[in-house]
Amino acid sequence: MDDQLLQTIIIGLSNGLIYALVALGYTLVYGILQLINFAHGDVFMLGSMIALTLLMMLGVTPGMDVTTTIALIVVVLLVTMAITALLNVSIERIAYRPLRNAPRLAPLISAIGMSFILQNVGLLWKGPASLGFGDVIPNTNVLTTIFGFDTAVELSLKQVFVAVVTIPLLLVLMGFVGKTRQGKAMRATAQDPDTAGLMGIDVNRTIAITFVIAGALAGAAGLVQILYNNTTVWNLGFRFGLNSFTSAVLGGIGNLQGAVLGGIVLGFINAFSDRYLSAQWTNAIVFGVLIAVLVFRPTGLLGQQVADRA
Amino acid sequence: MSSSLINPVHVESTGGLSVWVRGIGATITGWPAAYRAALAKNRRRTILLTVLVATVLLYPLIYTAIPSGLTRILPLPSSPVIVFMLIFAIMAIGLNVVIGFAGLLDLGYVAFYALGAYTAAFLASPHWGGVSVVLFSNVPAGFPGIHLPFMFIILVAAAVAALFGALLGAPTLRLRGDYLAIVTLGFGEIVPIFFKNLVNVNFSFGPIQLVNANLTGGPLGINPIDAPGLFGIKFGVINGFAPVYLGMGLVLIAIVIARNLERSRMGRAWMAIREDEIAAEMMGVNTVRTKLLAFALGAAFAGVAGALQASYQGATTSDFFMFSTSILVVIMIILGGIGNIWGVIVGAVFVQYVDKTLLSWAGQRMADIGNATGLEQFGDINPSSFSFLLLGIALVVMMRFRPEGFIPSRQRAAEMHVAPPGQAIGSIGLIEEEGLVPELDPTEPGGDEDPEIAEVPGEEPVGETIAESRGEVTDEEQPR
């Protein structure tokens with residue numbers, strides 16, 4: 001295969017996995033509340049800032065001892081996920097739960113308001129400038145140094161790291177929703193909250209747990225963002241959130257596998273557009289895809305759950 | 001403001017466009033009689049409103065008359081702030097047609113604003129340097145570029161925006177609720193990207209050959225754009241308070257049009273769709289056509305606002321048209337009172353005032369305190385940078401405690417407090433409401449409908465509230 005093509009696929013895949021993590025948050029919440037959680041991208045943004053702060057607090061710097069680095073990254077990952085989970089569930093408690101019986105417009109507007117609030121929290125906390133963080137994980141090309149291939153294609157250690165963090169999380173989530181009792185409660189609530197409530201499921205608790213999971217995934221994505229893309233800024237969440245939401249829609253909103261697939265497809269679209277067209281058109285193409293999917297196949301690539309919606 | 005002031009003659013809903021136009025005519029000619037009637041009916045309120053209107057009209061004189069020292073104490077809006085209040089008032093009136101009347105959530109409204117602004121830029125600037133078309137314009141003949149009169153540009157801008165509204169709406173309006181919101185949001189993002197990127201276009205299709213063509217001015221945008229001119233008077237940003245009156249005139253026209261739309265057959269069809277699309281369709285409302293018209297007409301208002309903004313400022317760039325502008329207009333509608341024209345105007349004026357005058361004034365006073373007390377940290381606080389934080393908090397708090405806004409329409413207030421019929425009432429509103437008539441199971445005690453009423457003790461059912469507030473529409477005939 002063409003080197004350039006292979007390279008584009010690798011870049012698309014690693015970005016797509018991050019989109020997938022955030023897209024799962026959108027799809028989980030949409031599946032259970034039919035709410036586009038506009039604030040979710042900003043939770044991801046705050047997650048990246050929290051991760052950055054923790055990494056700096058713990059003194060993680062490039063060139064540290066490998067085991068220490070890994071241990072500290074795991075600690076930061078867990079703490080960030082815990083904080084963003086707490087943040088997300090608080091948002092649900094403050095901004096969405098009181099509006100359960102309101103018309104659909106109300107929680108959506110509330111979510112937009114929440115998004116503005118979170119962006120400004122980021123702005124006040126870290127200032128308007130873009131924040132950078134050094135390469136804690138080296139950019140070594142795994143293909144040449146470890147596997148000894150003679151190739152110009154680059155699969156960096158950072159990209160491997162993205163896969164190592166995201167793929168297990170995705171699998172754990174699938175297992176949780178598909179196999180556990182709590183997961184069954186989530187699916188039941190998504191299908192019919194009234195009946196689920198009658199069957200003894202604590203609907204409020206189930207929704208709260210959904211937000212906890214979504215927030216934790218956004219936090220993990222935030223850490224990956226800092227370590228992989230090395231940058232964050234207060235308005236990162238808007239663009240990234242829209243991309244992730246597009247992924248969720250692309251795969252079929254409400255459908256977990258769909259969100260992952262959509263994230264990866266969107267990563268590819270981004271990478272191919274950047275490489276073969278022009279980066280300045282990428283956003284227009286992403287939104288064009290979003291509109292086309294919604295118009296021609298509103299259920300997405302995999303989704304059937306919301307067929308009555310379009 | 002009393003409705004009889006603005007729309008004294010109830011427009012009969014039996015005809016089409018001609019009646020609509022006659023309705024506007026009747027509104028204008030019937031004004032003196034309506035005023036006398038209003039004076040007789042409620043003297044105090046009418047006089048109060050007259051004083052208010054007079055104050056607004058004479059505000060420029062008041063503003064220039066007061067000593068400048070007084071603005072340190074009183075945060076009075078300056079001319080550009082007022083013009084932007086009026087521009088956003090036009091946008092709010094237009095978006096209210098889409099969201100408030102027809103219930104379609106449009107989060108990409110800025111796209112039509114941008115289209116209007118660029119229409120003005122294309123038709124009244126030296127941008128097309130290769131040609132020279134000067135018609136009834138305030139630039140000398142033979143000047144390079146196209147220069148058309150402002151009145152004409154406004155009409156074109158409205159038409160262009162409406163056309164794009166229809167183009168976007170045609171395939172997407174069958175989507176529901178928040179899917180439509182997302183599609184419009186995407187459109188709102190795409191349009192400015194096009195305006196930003198179409199700068200070195202190489203394109204060849206049949207006879208059309210473009211080599212490095214600068215279509216939109218790229219990131220720099222287009223300037224200078226001719227100032228609006230009417231009857232030999234210029235209304236540019238350098239012309240003091242003159243543009244304020246131009247803006248007021250346009251807002252007035254927008255109000256008259258929107259009022260008449262609301263009370264037309266189409267307006268009632270919008271309301272029917274907003275409240276229950278399936279029921280409306282059953283009753284013979286052509287939902288697609290009706291929604292398309294709401295979308296296109298709403299977009300036309302933004303086109304006018306964009307043309308006014310570009311002509312007034314004499315420049316336009318794509319960076320001016322961001323998602324936050326779309327949301328700003330939504331916020332104005334929500335805060336002011338969704339569905340109510342007066343409410344959304346108040347919302348637009350209020351948000352612009354807080355954003356552009358009050359917060360910067362507060363910042364200056366902070367600096368004063370800092371200088372007076374020697375505490376530098378006071379001067380470092382810049383309240384203007386908190387405007388979106390405040391707006392965000394306002395949205396969340398409003399949705400929680402007063403979702404219908406400060407000056408709501410009574411119907412919308414009722415709707416915002418009770419989930420509309422057809423929407424699930426249980427612990428979360430979802431799934432079964434969209435597209436499906438809830439099935440009643442006769443064997444099930446209580447049935448589906450009871451919880452809906454039980455949910456809101458002390459409140460009247462929606463239907464009655466509407467009937468009360470609008471006696472004239474309950475016996476509404478069915479639009480074709």
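The values are calculated or read from the model by the stated rules, or taken from the named source; none is laboratory data. Nothing here was measured: the structure is a model prediction, and the numbers come from that model. Virtual Cβ from ideal backbone geometry, glycine too; neighbours counted across all protein chains shown.
Summary of values
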quantity	calculated
Cβ pairs under 8 Å, 6+ apart, first in segment B:147-165 and closer than 13 Å to B:ALA310 by Cβ, second crowded, with 22+ Cβ neighbours inside 10 Å and among the acidic types (Asp, Glu)	B:PHE150/B:ASP226
Check on B:ALA120, assigned to a helix (DSSP H, G or I), crowded, with 24+ Cβ neighbours inside 10 Å and touching a Ser or Thr at 6+ places or on another chain (Cβ under 7 Å)	yes
Selection status of B:LEU215, at pLDDT 80 or above, of a type outside the set (Asp, Glu) and under 29 Å from B:LEU95 (Cα atoms)	no
Residue match in segment B:266-277 (condition: of a type in the set (Lys, Arg) and surrounded by fewer than 21 Cβ atoms within 10 Å (Cβ to Cβ))	no
Matching entry among A:MET57, A:MET45 (being touching a strand residue (DSSP E or B) at 6+ places or on another chain (Cβ under 9 Å) and within 26 Å of A:TRP125 (Cβ to Cβ))	A:MET45
Residue among A:ASN255, A:ASN270 that is away from chain B (no Cβ under 14 Å) and under 14 Å from A:GLY31 (Cβ atoms)	A:ASN255
Residues of segment A:97-138 that turn out to be over 30 Å from B:ASN382 (Cβ atoms), touching a Leu at 6+ places or on another chain (Cβ under 9 Å) and surrounded by fewer than 17 Cβ atoms within 10 Å (Cβ to Cβ), as a count	2
Some residue of segment B:104-112 being touching a residue at least 12 places away in the same chain (Cβ under 8 Å), not assigned by TED's automatic domain parsing to the domain that holds B:LEU335 and not in a helix (DSSP H, G or I)	no
Test for B:VAL81: is it over 22 Å from the mean Cα position of the chain (by Cα), of a type in the set (Val, Ile, Thr) and over 12 Å from B:VAL329 (Cα atoms)	no
Considering residues of segment A:108-153 that are of a type in the set (Val, Ile, Thr) and assigned to a loop (DSSP other than H, G, I, E, B) only, the residue farthest from the other protein chains (Cβ to nearest Cβ)	A:ILE146
Selection status of A:LEU217, at pLDDT 90 or above, buried (at least 24 other Cβ atoms within 10 Å of the Cβ), away from chain B (no Cβ under 14 Å) and in contact with a helix residue (DSSP H, G or I) (Cβ under 9 Å, 6 or more places away or on another chain)	yes
Complete set of residues in segment A:273-291 that are more than 11 Å from every other protein chain (Cβ to nearest Cβ) and among the hydroxyl-bearing types (Ser, Thr, Tyr)	A:SER273, A:TYR276
Helices (runs of 4 or more DSSP H) enclosed by segment B:233-345 - at least 3 residues per element that are within 27 Å of B:ILE153 (Cα to Cα) and in the same structural domain as B:GLY100 (by TED's automatic domain parsing)	B:242-262, B:287-313, B:323-336
Residue in segment A:183-199 that is assigned to a loop (DSSP other than H, G, I, E, B) and within 14 Å of another protein chain (Cβ to nearest Cβ) present	yes
